[in-house]
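The values are calculated or read from the model by the stated rules, or taken from the named source; none is laboratory data. What you are looking at is a predicted structure, and each value in this text was computed from that prediction instead of being measured. As a convention, Cβ positions derive from the backbone with ideal geometry for all residues, glycine included, and neighbour counts pool all protein chains shown. When the accessible area is computed, the model is the full protein with side chains, heavy atoms only, and any ligands, DNA or RNA have been set aside. Shrake-Rupley method; radii C 1.70, N 1.55, O 1.52, S 1.80 Å.
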Amino acid sequence: VAGRGEFELIARIRRWVEAEHARDARGSSAGVAAAGTASEIVAAIGDDAALLRPPRGWDLVLTCDAQVEGRHFRREWMTPRQMGARAAEVNLSDIAAMGGVPIAALVSLGVPRDLTLPALRGIYAGLRRALGAHGAQVIGGNVTCARQLFVDVTLVGRVESGRALLRAGARPGDVVFVTGAPGRAAAGLAALRAGSAKGCAALQRCHTAPRARVAVGRFLVENSIASAAIDVSDGVGGDLAHICEASGVAIVLDETALPVDRGLARLARACGCDPIDWVTGPSDDYELLFTTRRARVDLALAMGASLGLPVTPIGRVLEGKPEVRLRRRTGALEKVAGGWDHLRGGDRGRG
Ligand SMILES: [Mg+2]
């Protein structure tokens, strides 16, 4: 993009985004987008600001998260499309954790001079595809020059008033569930750092191409299943600690119940580490963690079958000091380590 002015870049981005929207409107995938958002986006790119008009009876859900080169991703590990998609998915995951329907995104982009126009276009294509899969679209943003590439997304969604999934709400006696098999992103990142792609492609994809659990969040809200929820952006232990603090409860995980991905277990054996450290430790898998009252456990299990993904009970909510512990196979109780601390150098992409 060297030598190109801000206005030229914005004009190009606008053309790409509008061309993609036009394609959506014609295409067969338009069903989702039209049903989700078309009526509530009053004005998108092209004015000083975008206008949204949420339907009556819904609360707006807002979140933002930046993906920064060297900190959250490396350009040599990902295609531009994957970078754009990742920036969308991490935000979609926060909307999912609240049980929301994604509507629209503002994208603030920092571009280094050596980024090519096709790469910039790829980033937008990735963003648009990831958002479009949930009926959301880019409605505005900003471009600036930067030393490192960053993609900063603000995502707006909506949820039925008073029905959002919160971190507070877990009570002693509740059961703790997780979707998918957490820890795979951490294992994939370890493989990327070690430069050992062999047999680890699926794990690496968990880092380079995560998928937010938007349908799970909606299912939890629509069927009143969860008493509390959070997405796994820091790690099972670290994120459950947030539920403990917000709800004023303790959580005990059961080692024998934790879902351990086969590829993860194989890689752990190969490098002589404990797979459980990946499963419970720092890892941004963008799975969902949630708690349910005992009477809703069957519904939570049925959700897995109806959405076609693993939904596993992994522990219990107890009275006590807000912390997360793990009951080992041997019966021993251990404190579970926290998640990423981004300001203390919880530095994922740099290696
Ligand atoms: Mg979150």
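Odds and ends about this structure:
- Residue in the range 95-112 that is least open to solvent (accessible area, probe 1.4 Å), counting only those that are away from the ligand (no atom under 16 Å from the Cβ) and farther than 18 Å from V17 by Cα: P112
- Any chance A226 is closer than 19 Å to I95 by Cα, within 16 Å of the ligand (Cβ to nearest atom) and either in contact with a His (Cβ under 9 Å, 6 or more places away or on another chain) or part of a loop (DSSP other than H, G, I, E, B) (or both): yes
- So G308, is it of a type in the set (G, A, S), within 15 Å of the ligand (Cβ to nearest atom) and at pLDDT 95 or above: no
- Taking the criterion of being surrounded by fewer than 20 Cβ atoms within 10 Å (Cβ to Cβ) and either in contact with a Pro (Cβ under 7 Å, 6 or more places away or on another chain) or assigned to a loop (DSSP other than H, G, I, E, B) (or both), the residues of the range 132-163 that qualify are A133, A146, R147, Q148, S161, G162, R163.
- The listed residues are A305, A270, and the only one of them that is exposed (fewer than 15 other Cβ atoms within 10 Å of the Cβ) and farther than 30 Å from G132 by Cα turns out to be A270.
- In the set (1) modelled with pLDDT of 85 or more; (2) in contact with a Lys or Arg (Cβ under 7 Å, 6 or more places away or on another chain), W16 fails one condition alone, (1).
- Condition check for P275: within 16 Å of the ligand (Cβ to nearest atom), open to solvent by 10 Å² or more (accessible area, probe 1.4 Å) and under 26 Å from L192 (Cβ atoms): no
- Taking the range 66-94 as the range and being under 26 Å from A229 (Cα atoms) and either acidic (D, E) or within 16 Å of the ligand (Cβ to nearest atom) (or both) as the test, the residues that pass are A66, Q67, H72, R86, A87, A88, E89, V90, N91, L92, S93, D94.
- Restricting A241, A190, A202, A186 to those that are of a type outside the set (F, W, Y), within 14 Å of the ligand (Cβ to nearest atom), open to solvent by 10 Å² or more (accessible area, probe 1.4 Å) and not in a loop (DSSP other than H, G, I, E, B) reduces the list to A241.
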